[in-house]
Amino acid sequence: MEWIFDTEEVMNQIRSKISEEKRTTDELGYISSYHNKMVKKCLERKKLVIFGAGVYGEMFLSDLIMHKADNICCLCDNKQAGKTVLGYEVLTPSEALKEYLDATFVITPRQYENEILEQLDGMGVKVSNILILTMLETGLEIV
Amino acid sequence: MTKSRIAFVVQRYGEDINGGAEYHCRMLAEHMLSEYDVDVLSSCAKNYDPWDNYFEAGESTLNGVKVIRFPVEMVRDQLKFARLCERHRKGEDGVENEWIDQMGPYCPAFVEYIKTHYRDYIAIIFFTYSYYLTVKGLGLKLPNSILLPTAHDEPNINLPIYKKMFSTPKGYLYNSYEEKEMLVSRFGTEGIPSRTGCAGIEIPDDYREYMPDKYMEYNGNYICYVGRVSNGKNYRELNRFFLEYKRRNPSDLKLFVIGKIDDRMKIICSRDIIYTGFVTEEEKYAIMQNSRLLVNPSKYESLSLVMLESMACNKPVLVNGNCAVMKGQCIRSNAGLYYTDYFEFEETLNYILNNPEANKQMCSNGMAFVRKNYSWDVIVDNVKSLIEEIRE
């Protein structure tokens, strides 16, 4: 019988082929060891909230998903609450804190790390529950 | 026999307007001339940042379409606008009107015109949900209004002013099933008559002979990106993925990039990436028709015309699977593959490049898909049937 191309069928074959191999960013040439350490740290935490629903937040989230992270609770953002990013809800920081009290907040925006750190500190998030991601050092960002 | 008259409402209108929705509106308006007399109601602006008064106010004709332009009476104050955005997002009462005036293009004369002339038209089709003309026009709750939202999942769509607006049109023209699904699930628009599919594609002639001489040396061994080179289009990721692909899969394959590079865009220069700069339409099609496939890394599209153009050029497509619309188009057409990370990018690209039989089927599937769903005859009939339905 004549073979008929089917996008979904081929995508399933491709996905299963990839998952048989080592599917981590470790082997990608543009990824830094700093990035791999950050991912490892994040995977070790019980609950994660990604602070920032912009380009960097989404980039890092997508990378954590690739690493099969199962501890991501949501994203939070001062301006973009209400939307979803890669299937995850974006809450306001206070909503996220209320919902996930003991979560680790990963700060992703590039220019406002200090302001966000102060904001989270002011809201009562423990310093040990805050990680700052320096996107420029990950290799994910091109400058 | 006298034809009935319809109107399109769009923020900017003209042949040299740089914008996907505006181009789409002009194409649709011109094609609807076969069935109706068509007016376009627009602002005098050519640019949106800030809105200007480039065109003369009043009536003119463009390719058979009567254009009525209204002056922009206020330039957006960016600082004020940003503050209003914040207050509006927080749900503060009483800022909606001020916010939409600032969003612009602020043309109160358009609102007055439409209040008194709406009966001149059997249907008024509002293009794009977000601007002043649409919000104010739909706010009049006209019995003949149709919204063509060009919407995708973005923060502003959740603002209170739009939530109210989405229940007011008498009909909807959706660009894709995914766009419809999003608006139905979020704003409950399922009870409003609608059609899906409102942009057409011309099947281009064979332009391969227009290939610029300087690119002949590549023998068609390249993949092609067509569109604005910007962060908004996720070009940066394609740049990174393609160079990684070349590192792991050494070959002569190139990436051709056709499109304007945004001023703020930082790109990596490489001998494997060819930036064509400005090309004519014929050259664009020649480059697409000579390529191995078209790649579109964008995450936010309510419809990717370039993806359909590639299918019409008999080429497979490779698109970002995080964009629901393009992924859906891929699955419905069986004319391409999609990726959500680097590893899928590599495997899907290799699959298309190395499977001639699959490649051949993808090409013919794409062409058939475009002919069936996106030829202008089909689109005009689709739009006409909605107009006639709401007229009843």
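Please treat every number below as a calculation from the coordinates, not as lab data. None of the values given here were measured: they were computed from a predicted structure. Using ideal geometry, Cβ is built from the backbone for each residue, glycine included, and neighbour counts are taken over all protein chains shown.
Observations on the model:
- Semi-axes of the equivalent ellipsoid for the range B:96-181, computed as √(5λ) from the eigenvalues of its C-alpha gyration tensor and ordered from largest down, come to 20, 17, 10 Å.
- Between B:Ile267 and B:Ser185, residue separation times 0.36 nm minus the direct Cα-Cα distance comes to 25.7 nm.
- Within straight-line cross-link reach of B:Lys164, lysines at Cα separation under 25 Å, skipping those fewer than 8 residues along the same chain: A:Lys79, A:Lys83, B:Lys80, B:Lys90, B:Lys115, B:Lys136, B:Lys141, B:Lys180
- A straight chain from B:Leu62 to B:Arg247 at 0.36 nm per residue would run longer than the Cα-Cα distance by 61.6 nm.
- The value of relative contact order for the range B:25-143, using C-alpha pairs under 8 Å at least six residues apart, is 20 percent.
- Figure legend: label point modelled 7 angstrom from the Cα of B:Glu281 along Cα→Cβ; residues of the range B:52-92 with amide N under 18 Å from it are B:62-65.
- Descending Cα extents along the principal axes, the protein assembly as shown, whole Å: 71, 62, 44
- Distance histogram for the range A:28-143 (every C-alpha pair counted, 10 angstrom bins, percent rounded to whole numbers): 14, 51, 31, 3
- Three principal axis lengths of the range B:295-392 [C-alpha, angstrom, descending]: 53, 27, 16
- DSSP-defined beta bridges in chain B - what % are antiparallel, rounded to 5: 10
- Calculated FRET efficiency, A:Ile18 to B:Asp49, Cβ-Cβ distance, R0 = 35 Å: about 0.25 to the nearest 0.05.
- Most mobile listed residue (A:Glu115, A:Glu89, A:Glu99) in chain A, GNM with C-alpha springs under 10 Å: A:Glu115
- Gain upon complete extension [B:Tyr23, B:Arg228; 0.36 nm per residue less C-alpha separation]: 72.3 nm
- Relative contact order (%) - criterion: Cα under 8 Å, at least six apart; region: the range B:296-392: 26
- Summarising the strand pairing of the protein assembly as shown, around 15 percent of its internal DSSP beta bridges are antiparallel.
- FRET E, pair B:Glu388, A:Lys98, Förster distance 41 Å, beta-carbon r, rounded to 0.05: 0.20
- Crossing angle, helix A:7-20 versus chain A [Cα axis fit, 0-90 degrees, rounded to tens]: 70
- In this structure, the residue pairs whose Cα-Cα separation is over 23 Å, taken from A:Lys17/B:Lys246; A:Lys41/A:Lys126; A:Lys40/A:Lys68; A:Lys46/A:Lys68; B:Lys260/B:Lys327, are B:Lys260/B:Lys327.
- Working note: Cα atoms of the range B:158-249, range along each principal axis, descending, whole Å: 56, 34, 21.
- Globularity index of chain B is 1.03 (Cα radius of gyration / 2.2 N^0.38 Å, N = number of residues).
- Annotation: the antiparallel percentage among DSSP beta bridges lying fully within the range B:54-206 is about 35.
- Over 17 Å [Cα-Cα, the range A:53-102], rounded percent: 32
- Computed over the range B:201-240, the convex hull of the alpha-carbon atoms projects to a mean area of 4.5 nm².
- If you take the Cα centroid of the range B:1-62 and the Cα centroid of the range B:153-213, the two points sit 18 Å apart.
- Residue exposure proxy: B:Ser375, B:Ser251, B:Ser291, ordered by other Cβ atoms within 10 angstrom of their Cβ from fewest to most, comes out as B:Ser251, B:Ser375, B:Ser291.
- For chain B, relative contact order (Cα pairs under 8 Å, six or more residues apart, normalised by length) works out to 13 percent.
- Angle of helix B:177-187 to the longest C-alpha principal axis of chain B, folded into 0 to 90 degrees and rounded to 10: 40°.
- Global form of the range B:249-291, assessed from the alpha-carbon gyration tensor, a/c cut-off 1.5: oblate
- Most fluctuating residue given options B:Ile267, B:Ile223, B:Ile192, as computed from a GNM of chain B linking Cα atoms under 10 Å: B:Ile267
- For A:Thr84 and B:Tyr177, a Förster radius of 30 Å and the Cβ-Cβ distance give a FRET efficiency of 0.95, rounded to the nearest 0.05.
- Folded to 0 to 90 degrees: helix B:356-374 orientation relative to chain B principal axis, Cα: 10
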